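Read the structure below first, then the notes.
The values are calculated or read from the model by the stated rules, or taken from the named source; none is laboratory data. Since we're looking at a predicted model, the values are computed, not measured. Virtual Cβ from ideal backbone geometry, glycine too; neighbours counted across all protein chains shown. Surface accessibility is based on the protein's heavy atoms, side chains included, excluding ligands, DNA and RNA. Shrake-Rupley method; radii C 1.70, N 1.55, O 1.52, S 1.80 Å.
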Amino acid sequence: MMIEKVFIIGMMGVGKSSVGFKLSNASDIKFIDIDDKLNLQSITNNNSDFEFRQQEYEEILKCSKLNEKLIISTGGGCVVNENSRSIIKNFFCIYLHASADEIIKRINDKSKFRPLIQSAPNGPINYDLFKSIYDDRINYYQELSNLTVNTDDLNLDNTVNFIKNELVQYEFIN
């Protein structure tokens, strides 16, 4: 299996951006964070979820057409868009999994505003809403995944090393 692009998917707070960035540095393969391509604050405040997912899809499409090896981290919700899923499934996909409780623990410590599950910056996380989103997306993540990494008990370095070793076997990295 010749791999030209690696997409990293998973829920908010599992470490997609951190893992992608560190994996890129460890492998000398360019990294693109889809969330960085989108102005999340203005999009979530001014546009519908549909418009946001459409812009996210367009960024995923652009990345898929670039003629180079890439590591691409997606937004956690890109999998709800059928068009995004249809692109991602054509490439190698790593699903960073963590339990809902572990993710909540991780994102509770961060100052990042998550408008899907918080009504205000630094406000409490709506656990029931988070769990509902988590449950709605988990099957999509599993269906797209070529490699699932449970990060509940792994730190960032362990996660990156595990993925790097897997990608060496697939000859994506040396």
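Values computed for the structure shown
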| read-out | value |
| --- | --- |
| Residue under evaluation T148, criteria (1) open to solvent by less than 70 Å² (accessible area, probe 1.4 Å); (2) closer than 17 Å to G13 by Cβ, criterion not met | (1) |
| Of all residues in the stretch 74-104 being farther than 19 Å from D152 by Cβ and in contact with a strand residue (DSSP E or B) (Cβ under 8 Å, 6 or more places away or on another chain), the one that is most open to solvent (accessible area, probe 1.4 Å) | F91 |
| Residue in the stretch 9-21 that is open to solvent by 70 Å² or more (accessible area, probe 1.4 Å) and at pLDDT 95 or above present | yes |
| Test: residue in the stretch 141-148 that is assigned to a loop (DSSP other than H, G, I, E, B) and either within 17 Å of the chain's Cα centre (by Cα) or among the hydrophobic types (A, V, I, L, M, F, W, C) (or both) | yes |
| Subset of the stretch 25-39 [more than 19 Å from D157 (Cβ to Cβ), open to solvent by 30 Å² or more (accessible area, probe 1.4 Å) and in a helix (DSSP H, G or I)] | D35, D36, K37 |
| Residue match in the stretch 116-127 (condition: in contact (Cβ under 8 Å) with a residue 60 or more places away in the chain and among the small types (G, A, S)) | no |
| Evaluation of I107 against (1) modelled with pLDDT of 95 or more; (2) crowded, with 16+ Cβ neighbours inside 10 Å (one fails), failing number | (1) |
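Residues are listed down the side, and each one gets a yes or a no for (1) in contact with a Gly (Cβ under 9 Å, 6 or more places away or on another chain); (2) part of a helix (DSSP H, G or I); (3) at pLDDT 95 or above:
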residue: P115; (1), (2), (3): no, no, no
residue: A120; (1), (2), (3): no, no, no
residue: Y134; (1), (2), (3): no, yes, yes
residue: T159; (1), (2), (3): yes, yes, yes
residue: I163; (1), (2), (3): no, yes, yes
residue: E171; (1), (2), (3): no, no, no
